[in-house]
Amino acid sequence: MLILSWNVAGLSTTVKRINDNYKPGGKNASALSNFFALHHADIVCLQEHKIPKTALANSSEPLLLTNDYESFWSCCVDERRKGMNGVVTYVRKGRVVSANAAPFNDPDVDRQGRCVMTDHGAFVLFNVYVPCTSSGRALCNKMKFLNALRQVMCEQRKSKPVILVGDLNIARDKK
């Protein structure tokens, strides 16, 4: 099984570039699903998609993928940061038992659109985009997120292996 993780820093721009370089391979194929297939990806975890939840309802097939993959989205619903953050996990169809875009049961943390948890039967996968900061009130937000993530991961680990992927925004040294 191949799991890819990629901070795209804006999925719409990334999809446009993929469309320019990876033309669809079949009648109902999108360039994005063709790109995933070319790389033999079973699971693709993208961070910082920056797509508001309202835009997903109006979105076309290139973002949602209707061919071989299904997608599980977490979008920022915080009014102050709408259209920021966001993670999406694309998985080959039929390989997800359940998915949760609000795994923390904490509205302050869940509404930031920073985590999707997918249960694949044999393991649980967390796709995360950790807040990027190192001081002040923003550091408190980052630590709240990391503590909530640790708690839910430990709970899941009691029943099956856990995989963590994403943009952790953690550096060894302050710079």
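What are the equivalent ellipsoid semi-axes of the chain, built from the alpha-carbon gyration tensor (square roots of five times its eigenvalues), in whole angstrom, biggest first?
On the way: eigenvalues 144, 74, 44 Å².
Semi-axis lengths for the chain are 27, 19, 15 Å.
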For the chain, dividing by residue count, accessible area per residue (probe 1.4 Å) in Å² works out to 54
Could you tell me the relative contact order of the chain? Use alpha-carbon pairs under 8 Å, at least six residues apart, and round to a whole percent. 19
Which percent, nearest 5, of DSSP beta bridges in the chain are antiparallel? 65
Rounded to the nearest 500, what is the chain's calculated 222 nm mean residue ellipticity when only DSSP H runs of at least 4 contribute -39500 (n - 2.57) each, over all residues? -9000 deg cm²/dmol
Only Lys, Arg (+1) and Asp, Glu (-1) charged, at Cβ; the stretch 75-175 dipole about Cα centre in debye: 260
With every protein chain left in place and a probe of 1.4 Å, what is the accessible surface of Arg150, to the nearest 10 Å²? 140
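Of the accessible area of the chain, with the probe set at 1.4 angstrom, what percent is carbon plus sulfur? Each step should come with its number before you reach the end.
On the way: 4920 of 9530 Å².
Carbon with sulfur: 52 percent of the solvent-accessible area.
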To the nearest 20 debye, the chain has a Cα-centred charge dipole, built from +1 on Lys and Arg Cβ and -1 on Asp and Glu Cβ, of 380
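The values are calculated or read from the model by the stated rules, or taken from the named source; none is laboratory data. The shown structure was predicted, so the numbers you read here are calculated from the model rather than taken from an experiment. Heads up, the Cβs are rebuilt from the backbone with ideal geometry, glycines too, and the neighbour counts pull from every protein chain shown. Keep in mind that these areas ignore ligands, DNA and RNA; they rest on the heavy atoms of the full protein, side chains included. Shrake-Rupley method; radii C 1.70, N 1.55, O 1.52, S 1.80 Å.
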